[in-house]
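Input: a single structure, listed below in structure tokens.
Just so you know, all these numbers are worked out from the coordinates, no wet-lab data involved. Only a predicted model underlies this, so the values are computations on that prediction, with no experimental measurement involved. Cβ sites come from the backbone with ideal geometry, for glycine too, and all protein chains shown count toward neighbours.
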Amino acid sequence: MGTVDVEGEWFLVAKMRAFVEAQDPSAKEADNFTLRRFLRARDLDIEKGSSLFLKYLKWRRQAVPNGFISESEIQNELPQRKVCLQGFDKVGRPIVVGFAAKHDYSKRNMDEFKRFVAYFLDKACARMPSGQEKFICIADFKGWGYSHCDIRAYIAALEVMQNYYPERLGKVLLINVPQIFMKTWKVVYPFIDKNTKEKFIFVDDKKLQETLLVDIDESQLPDIYGGKLPLVPIENA
């Protein structure tokens, strides 16, 4: 990211706002923090940040025309109970817990899956307290095998997050990762942008609880990892 101070960053945001509002009047509805995230995602390059943001506005109109995704639009995805949302880490980031082995490749419709990704990202963003712009994710691979492998879905989820929810991901803690997943990881890794790669952290099985407790207080940690909070499916969060 460019070496620009906070004042300089907001100056760039103001310039970006003038540009995007001239291109798409609906940009007026976006706050400055939203514009700043898109700008940061493109290393403070106004042209690239604006292009990413304008694509986002177009996508939002097409993919989320009602302003939100209803549960009736993701009826195959929700019963899999593969994403939960509860608690906050030590800096106030909402905690998303995903279970890779619960993803049913045989039932996956790509358009619906992308809607589901937008659904849970919207939910995570809605839970962020004032002043917090990111969430933290525990990605649990317990029981994952080749029958659960869905590289197209993994890449699609990355693209939705990176293109339409930039600078929202704080950290992903990958836990209970079987060795066979590393072949899949090598295929997916090049699709992760450089600002996001460092946010993926593989956790040693032997140090699972102590690693989670670095970021998450016991009172906020899911009970299945030795904490105090029961898991809450995303639709009930």
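Laid out as a table, the results:
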| quantity | calculated |
| --- | --- |
| Förster radius 30 Å - calculated FRET efficiency between Glu198 and Asp104, Cβ distance, rounded to 0.05 | 0.45 |
| Label-point gap, in nm, between Glu7 and Glu29 - each point 7 angstrom along Cα→Cβ | 3.5 |
| Gain in span if fully extended, Ile180 to Ala18, counting 0.36 nm per residue against the direct Cα distance | 53.4 nm |
| Cα centroid separation - segment 132-205 against segment 8-67, whole Å | 25 |
| Pairwise label distance in nanometres, Arg152 with Leu213, each label 7 Å out on the Cα-Cβ vector | 4.4 |
| Cα long-axis angle, helix 110-126 against the chain (0 to 90 degrees, to the nearest 10) | 80 |
| Difference of contour (0.36 nm per residue) and Cα-Cα distance, Glu71 to Ala237 | 58.5 nm |
| Counting DSSP beta bridges with both ends in the chain, the antiparallel % (nearest 5) | 25 |
